Amino acid sequence: MKRIPLFELNWDDEEEREVIKVLKSGWVSMGPRTEEYENELRRFYGIRFALSFNNGTSALLASYACSGLKNQVIVPSLTFVATVNALRFLGIKPIFADIHSLNKPLISVDTVERVFNPKVSGIVFVNYAGYSDFVDEIREFCEDKGILLIEDASHAHGAKYKGRFAGTWGRVGVFSTFANKNLSTGEGGYMITDDEEIYMKARLFRSHGMTSSSWERFKEGKNRIYDVITVGLNLRPSEIQSALGIANLKKLKRENENRKKLVKLYRKLIKDNLPEILIPFDDKDIESSSHYIFPIVLPKDIDRESVLGKLADLGISTSVHYPPVHKFAIYDDGTELPLTEEYSRRTMTLPLWGNMKEEYVYRVVEGLKRCLYSQ
């Protein structure tokens, strides 16, 4: 029986054609396809500015560096470590907030208020699993305190909460387009914003602080000398990444719709067959998510490692999203986040991707049932 992976890419002939165009063009570094990709992102989100990067961590780094964050920033611990590493790299101290509940594993105003202090310059909201609950309330909190809100919306490509795209609630929205994301370029990332000053700073930061790129000088037909007016890094995407993004963005709405249908099936089968398992978020939340991952929370008395191992033996791949960042050696200063720690101990992620067959969902739930009842 075929092994069920955690995810599969939805790339096909469209991505192949776009990449071949780049190879035949002879221009493979950041250039015309990147310009086109950024324009498509801007139109998709209905936002003034979009800027693409070689990876999501670079997009985070540029967004943090160019938005004015300083001193301390409140972040969830339930996230991929890049969310926090980019802050630490800039000398900003992360202040970890607990999740709201096991059912709503997101930071909320309640959990943020517990750790807020006068040195906090901003909050990074992570749209975990593609959900954005509480982001509107956190936005109001930030406005009241006069601090920045940045969304790490890497889980939420194309998701809408209360009629507004994830990534557009804060001053900046940041996305990863890593291989397993709903919008994928293999490696890559982008930021979106309506703030022209942040955008212009990030453009410079992305490319050595140079006033013009090779492509811009080529377009003008002049070999003019550029200037360097600030410190920057090389965080530029390749044309191949941008070509993949152009092709894959066209599939995003369909990808999200397919994932939603599979999540509805997962939720029904688990509720009918394994009612002791907690499925984070509520049925009414389904419409507002991009469904990047499908996490569940096992009962307290279940040995998760045993379940993961048995599912692997049945040919079913799983994962854990995420080990708590505040417990990694570099960040462990004794901070305790009881709900985050409990969630991280008990959660596991089941296979999910847009073109996944419904029969796989049945197989996964049946396998999970066998593993739990053989404990």
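Against the conditions (1) within 23 Å of residue 134 (Cα to Cα); (2) modelled with pLDDT under 95, where does residue 226 fall short? Just the number, please.
Among (1) within 23 Å of residue 134 (Cα to Cα); (2) modelled with pLDDT under 95, the lone unmet condition for residue 226 is (1).
Pick from region 128-180 the residues that are surrounded by fewer than 20 Cβ atoms within 10 Å (Cβ to Cβ) and among the small types (Gly, Ala, Ser): which of them is farthest from the chain's Cα centre (by Cα)?
If we take residues in region 128-180 being surrounded by fewer than 20 Cβ atoms within 10 Å (Cβ to Cβ) and among the small types (Gly, Ala, Ser), then 146 is farthest from the chain's Cα centre (by Cα).
Against the definition (modelled with pLDDT of 95 or more and crowded, with 21+ Cβ neighbours inside 10 Å), how does residue 258 come out, yes or no?
No; evaluated as a whole, the condition is false for this residue.
Considering only residues of region 108-121 that are of a type in the set (Ser, Thr, Tyr) and outside any loop (DSSP other than H, G, I, E, B), which is surrounded by the most Cβ atoms within 10 Å (Cβ to Cβ)?
Filtering first and then ranking leaves 111.
If you take just the helices (runs of 4 or more DSSP H) that sit entirely in region 1-87, which of them hold at least 2 residues that are among the small types (Gly, Ala, Ser), assigned by TED's automatic domain parsing to the domain that holds residue 113 and touching a Leu at 6+ places or on another chain (Cβ under 7 Å)?
Helices (runs of 4 or more DSSP H) meeting the threshold: 56-67.
Take region 343-373 and flag every residue that is among the small types (Gly, Ala, Ser), part of a helix (DSSP H, G or I) and closer than 25 Å to residue 155 by Cα.
Scanning region 343-373 gives a single hit, 344.
Restricted to region 198-218, and to residues that are in contact (Cβ under 8 Å) with a residue 40 or more places away in the chain and among the charged types (D, E, K, R), which residue is surrounded by the fewest Cβ atoms within 10 Å (Cβ to Cβ)?
Among those that are in contact (Cβ under 8 Å) with a residue 40 or more places away in the chain and among the charged types (D, E, K, R), it is 203.
What is the number of the single condition among (1) closer than 15 Å to residue 350 by Cβ; (2) among the charged types (D, E, K, R); (3) more than 22 Å from the chain's Cα centre (by Cα) that residue 264 does not meet?
(3) is the only condition that residue 264 fails.
What about residue 303, is it free of Cβ contacts under 8 Å to residues at least 60 places away in the same chain and acidic (Asp, Glu)?
No.
Go through 191, 210 for me and flag whichever is modelled with pLDDT under 95 and not small (Gly, Ala, Ser).
210
Restricting attention to region 333-342, does a residue exist that is modelled with pLDDT of 95 or more, in contact with a Ser or Thr (Cβ under 7 Å, 6 or more places away or on another chain) and either acidic (Asp, Glu) or part of a helix (DSSP H, G or I) (or both)?
Yes, region 333-342 contains a residue that is modelled with pLDDT of 95 or more, in contact with a Ser or Thr (Cβ under 7 Å, 6 or more places away or on another chain) and either acidic (Asp, Glu) or part of a helix (DSSP H, G or I) (or both).
Looking only at region 122-138, how many residues end up being assigned to a helix (DSSP H, G or I) and either touching a Lys or Arg at 6+ places or on another chain (Cβ under 8 Å) or not assigned by TED's automatic domain parsing to the domain that holds residue 67 (or both)?
Looking only at that region, the number is 1.
Could you look through region 24-74, keep only residues that are within 22 Å of residue 135 (Cα to Cα) and without any contact (Cβ under 8 Å) to a residue 60 or more places away in the chain, and pick out the one that is surrounded by the most Cβ atoms within 10 Å (Cβ to Cβ)?
The selected residue is 74.
Counting just the residues of region 354-374 that are over 18 Å from residue 307 (Cβ atoms) and free of Cβ contacts under 8 Å to residues at least 24 places away in the same chain, which one comes out surrounded by the most Cβ atoms within 10 Å (Cβ to Cβ)?
The selected residue is 357.
Quick one: is residue 242 in the same structural domain as residue 42 (by TED's automatic domain parsing), among the polar types (S, T, N, Q), within 19 Å of residue 40 (Cβ to Cβ) and modelled with pLDDT of 90 or more?
yes
For region 287-315, give me each residue that is over 23 Å from residue 2 (Cβ atoms) and part of a helix (DSSP H, G or I).
287, 288, 304, 305, 306, listed by residue number.
The values are calculated or read from the model by the stated rules, or taken from the named source; none is laboratory data. All values reported here derive from a predicted model rather than from experimental measurement. Backbone-built Cβ (ideal geometry, glycine too); neighbour counts: all protein chains shown.
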